[in-house]
Every structure is written in structure tokens, then in C-alpha cells.
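Asker: Structure in C-alpha cells, see below.
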Amino acid sequence: MDISVVTTQPFPDQKPGTSGLRKRVRQFRQPHYLENYIQSVFDACPDLKNGELLVGGDGRFHNREAIQVILRMAAANGVQKVAIGYGGLLSTPAASYLIRSRGATGALILSASHNPGGPEGDFGIKLNTANGGPAPHSVTDAIFEQSTRISHYRIANGAEHVDIDHLHAVQMGDMDIEVVDPVGTYADYMATLFDFDRIGELLRSDHFRMRFDSMHAVTGPYAEEILINRLGAPADTILRAEPLADFGGRHPDPNLSHARELSEALFGRDAPDFGAASDGDGDRNMILGRRFFVTPSDSLAIMAANAHHIPAFADGLKGVARSMPTSQAVDVVAEKLALPCFETPTGWKFFGNLLDDGRIRLCGEESFGTSSDHVREKDGLWAVLFWLNLLAVRRQSVEEIVRDHWRQYGRHYYTRHDYEAVESERAEQVMARIREQLSVLPGQSLAGMRVAQADDFAYRDPVDNSLTEHQGLRVLFESGARIVFRLSGTGTEGATLRLYIEQHETHPEHLDADPQELLGPLIDAASRLGDIPGLTRREKPDVIT
């Protein structure tokens, strides 16, 4: 095998975010850009070479070409073996499971999650390490540091194009390559966690109908194998099942706006009983009942309260965790069940430490992400199967289950307002304005409520004692209500300013209000506090969830 050592220069913008390096496709297609980053990964993480490395992604544009480059670079850098998802497809939760079950050294997951695809869309690369979870800050910082001083990369010349569309094994020089079936393996695993017999009876019955929107993303083959082939759901259960490089020209983001056909079906005249969607790489989920939307925060709390119905949790939960911006609904459940409850920064890597240490078994984020200790990633299809198992056991509708929960634990009214692609300087000005007021806010009255505390959230990891600071600005009220401001790291242009509002209501007459109306005074107070219209030049958010 002929190996070239190619002279290169650093790119200044290769710092990974919370979910890897995400950029426009056109940036990744610049000469040396992809190669520089992959070489930086191999240089910063030499252990990846000493075993099996998994490679695959959500099938977005540039996925297949990037895999061929990564294979040639892996061979040139002495990687022992690479396992590739069939067709180059590998969902993020399946990658996590395969790392753990195969004892792999890690995975390069080629995805930009819920971001748009196609030639003018986004591409991304995320490194997962040997525990199956996203690389921690210490690793991503080392990769970035290496990318700032890279001077050359290694790549194999003259290597034949690897066929990734058939299950087979080949070699490239001394490196073994295997194309594997992650779909069947993942489906087998799900069958050990849930009661497939009861779920199958529900899906095959005449009185129950569901729709699952795969959004032309990676979850389509997994949903077909599990829901239709194994559980016997009707063939029309799945919408947009075929993975497409541009996701059909839509954002593969499971929310009411981007999963339009699904939401129209569930809120239509002859609505199915249950609806769900997943995102580009299969780690997010949206849950719907007939004319009823379940917020991700409520979904996490309901899972915690009902985990005893699920075979995987027969021996209990041990503990739960949520990201800081996620509503406190699960906290109330944990307190009643006498379970430890952890509040972490956004990013699944923080849950990973708690999961590895056995402190929790269930965790979730408000951004449509929920999972457990079965993997070290959020898992969209797992969450859907959890709800189906729960419906099969309780024999109630989605709405009945949620309303029963509200009556028992109260309702956490919650909303998120996203101001997308704001000029970074303007977004930072909003945050600076709020930060300047943190010390004087306690004791003041906002929206008719007294402020108890205002801070810049920091997290001391109870496992490794690491400190993570500046994770969001919080205004906490004596009533338990909250306002949270945060800049998101998942976009590729400008900054996304996110505003989170929450208020807990327990009175039976206060459980059926419109969230935007009930939270209106807090929303207005937050807007004034950050002078959002004036500083961002936006009169309203781009997305409300």
C-alpha cells in the first residue's frame, strides 16, 4: 500500500461543539479540510488505532465520499480494523451500542443531527469513545489543539473504492474492513429491553393505529425492521422511510413544524392513536397522542414515574438526570420516588459519567432527547418503544396517561423560544446584558413573582470532580418558576439564542391552560430583561416549542 504524507496548513475553525464538528458541506469539501480534521483525531486519540473503529452516518450528502477518505486515512495511520454500517448508514444510538457490544475503540459518526442536508446543507463528524458516548471535553479540546498546529496528514494512495453496499469483509493494506448490519443487531437488543409480545399485540389490533415519521433519515430502516417486520404493524405505519441525502429537502428535526405531515395526521379528523418522529441520526424523538403533543420534559418525567412497567427497569431506576434547561418535572417524580436527581449541562457526555458510574438509569434533555443506561447516547426509537410498551400495559391513551400524571405531580408549563442565526456579536450582547444584572435580580419582582436566585450555571461533576462553567444564565423564582437564557452550539452559522420559560402549577383548575398564554408574563419579562428585540433586531422567535 502506497502512503502519502501530504503537507497542509491548519484551518482556524475546527473546534468541535457539543456534538462534534458541524459545518456547511462546502466547508468540508474544501481541499484538505476533512483530511486535516481526521488526522487531528488520529493524532490526539492514538488508542483508536489499537482495535476496531466504527464508521457510518445518517446518509446525508457527502456521507459516502467522506467514508472512503476516512478508510484511506485509517489504513495509512495504522488502524487495525474498521467496521462500517451497511450502506454507510449508522444511527447514533446504534453506534453507541455497537461500540459497547463489539468492544470497539470508538466511532466516527458522520452526521449533523437535525440540521438540514444536501449540497447546500450541513455535514458533521462526531467522535464517540470506548464507553459508547460522545468524546468528553478533554478529548475534543485535544483534537482542536492538534488541528491548530497540524502540518501534514497521512492517506493511502491507489486503494480500491470499498463497496459499502454489501455485507462482506475486505482488506486495505494491513487494515481489516467489515461492512456490518447495525439494524438487525440493534433490533435484537431492543427485544431484550421491551415486551415485544405485548407491543406487537397492540400494533396488530384493530383498535390501535400509529404513525412514525422517519423524516427520510437514518431511522427508517430501523423502524421498518422493528415496527413492521418484527412487531407486525401495518406497512403504512411509517412515513418517509427511505433515507435521502437531502432528507427530502426538509430539516430532519422532530418537531411540529418540520414533521408537518405527522402533526397534521395526529391533529386531523381521523387521527391515529399514537404518533412519533425521529431526527437525522436517530437520537431524538417526538411523541404525540391523538390531538395531543407530549413535551420532551413531560415525557422524561412520565418515563420515570412509569419505568416499573418496562422489563428493562424491573430492578429499579437508581437515579435520574436532566439537562439544566429541561423542566423540573422529573425532579418532582424523583423526590416522590426517593431517587437521586442530577442537573447537568447540555450535552450527553455529562450523562455518560453518571451512567458509567451507576448513579442513574434514565436521563433526558428538553431538545427531544431521552435515553437510559442501555447505551451512552440519546435514543429516539428506544423512546418510541418505551411509550408503546407503556400504552400496551396501561391500556390508556397518550392524553389520559399525561393528564393522570399532571393530576398526581402537577403540570410544569414550559416553552422554548429559539432565535436562530443571530449575529454572534448581537447574541453575546443579550447574554452580557443579562449577566450584568444577575447580582441585583434576587429580591426583585418580575412578572409578579419574587426572584430568589440568579446565576450563571456551573456544574461540578460528582464522578470526576471536573468543573464546567458558563452553561446558561438562570433566573429562579421563589414560586419555582424559571427563566433560562442560553446560546446553542448546534448551528453552523451565527448563534442560536434560546430562551426557556417554566412555571409549575398544581391546582386542578390550572392544568389545562395554553402554555404561551399562561407563561406570557414571564416571556415578556425575559424579553425585556435581555432587550431581545432591540439587540437581536428580531420581533419574535423563529421557532417556539
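Asker: State all residues of region 503-530 that are touching a residue at least 40 places away in the same chain (Cβ under 8 Å), surrounded by fewer than 20 Cβ atoms within 10 Å (Cβ to Cβ) and in a loop (DSSP other than H, G, I, E, B); if no residue qualifies, say none.
Answerer: Answer for region 503-530, where residues must be touching a residue at least 40 places away in the same chain (Cβ under 8 Å), surrounded by fewer than 20 Cβ atoms within 10 Å (Cβ to Cβ) and in a loop (DSSP other than H, G, I, E, B): 506, 511, 513.
Asker: Residue check, residue 173 against (1) small (Gly, Ala, Ser); (2) touching a helix residue (DSSP H, G or I) at 6+ places or on another chain (Cβ under 6 Å); (3) within 30 Å of residue 371 (Cα to Cα), all met but one. Which one?
Answerer: (3)
Asker: Can you find a residue that is closer than 22 Å to residue 163 by Cα, part of a strand (DSSP E or B) and touching a strand residue (DSSP E or B) at 6+ places or on another chain (Cβ under 7 Å) anywhere in region 180-188?
Answerer: yes
Asker: In the same structural domain as residue 197 (by TED's automatic domain parsing), out of contact with any helix residue (DSSP H, G or I) (no Cβ under 9 Å at 6 or more places or on another chain) and surrounded by fewer than 24 Cβ atoms within 10 Å (Cβ to Cβ): which single residue out of 239, 256, 244, 266 fits that description?
Answerer: Step by step, each of 239, 256, 244, 266 is checked, and only 244 is in the same structural domain as residue 197 (by TED's automatic domain parsing), out of contact with any helix residue (DSSP H, G or I) (no Cβ under 9 Å at 6 or more places or on another chain) and surrounded by fewer than 24 Cβ atoms within 10 Å (Cβ to Cβ).
Asker: Also, quick follow-up: Can you work out which of the residues in region 99-116 that are at pLDDT 95 or above and in contact with a Phe, Trp or Tyr (Cβ under 8 Å, 6 or more places away or on another chain) is farthest from residue 374 (Cα to Cα)?
Answerer: Checked region 99-116; the qualifying residue farthest from residue 374 (Cα to Cα) is 110.
Asker: Do we find a residue being touching a residue at least 60 places away in the same chain (Cβ under 8 Å), in contact with a Gly (Cβ under 6 Å, 6 or more places away or on another chain), of a type in the set (Gly, Ala, Ser) and not assigned by TED's automatic domain parsing to the domain that holds residue 218 anywhere in region 41-55?
Answerer: no
Asker: Here's something else I'd like to know. Considering only region 115-132, I want to know if a residue exists there that is among the hydroxyl-bearing types (Ser, Thr, Tyr), surrounded by fewer than 24 Cβ atoms within 10 Å (Cβ to Cβ) and assigned to a loop (DSSP other than H, G, I, E, B).
Answerer: yes
Asker: Considering each of 145, 160 in turn, give the residue that is part of a loop (DSSP other than H, G, I, E, B), surrounded by fewer than 18 Cβ atoms within 10 Å (Cβ to Cβ) and in the same structural domain as residue 37 (by TED's automatic domain parsing).
Answerer: Unique residue meeting the criteria: 160.
Asker: Then there is this: Of a type in the set (Val, Ile, Thr) and either in a helix (DSSP H, G or I) or touching a residue at least 60 places away in the same chain (Cβ under 8 Å) (or both), is that true of residue 401?
Answerer: yes
Asker: Take the conditions outside any helix (DSSP H, G or I), among the small types (Gly, Ala, Ser) and closer than 23 Å to residue 192 by Cα and apply them to residue 352. Does it pass?
Answerer: No: the conditions fail for residue 352.
Asker: In contact with an Asp or Glu (Cβ under 6 Å, 6 or more places away or on another chain) and either charged (D, E, K, R) or within 24 Å of residue 43 (Cβ to Cβ) (or both) - does that describe any residue in region 72-80?
Answerer: no
Asker: When you go through 480, 534, 491 one by one, which is the residue that is surrounded by fewer than 19 Cβ atoms within 10 Å (Cβ to Cβ) and at pLDDT below 90?
Answerer: 491
Asker: Do you know which residues across region 12-58 are part of a loop (DSSP other than H, G, I, E, B) and of a type in the set (Val, Ile, Thr)?
Answerer: 18
Asker: Does region 276-293 hold any residues that are touching a helix residue (DSSP H, G or I) at 6+ places or on another chain (Cβ under 6 Å) and surrounded by 24 or more Cβ atoms within 10 Å (Cβ to Cβ), and which are they?
Answerer: Result: 276, 277, 278, 281, 282, 283, 284, 285, 287, 288.
Asker: Go through region 192-213 and give me each residue that's outside any loop (DSSP other than H, G, I, E, B) and either touching a Ser or Thr at 6+ places or on another chain (Cβ under 9 Å) or outside the structural domain of residue 288 (by TED's automatic domain parsing) (or both).
Answerer: Listed by number, the residues that qualify are 193, 203, 210, 211, 212, 213.
The values are calculated or read from the model by the stated rules, or taken from the named source; none is laboratory data. Because the structure is predicted, anything quoted here is derived from the model rather than measured. Here the Cβ is made from the backbone with ideal geometry for all residues, glycine too, and neighbour counts use every protein chain on show.
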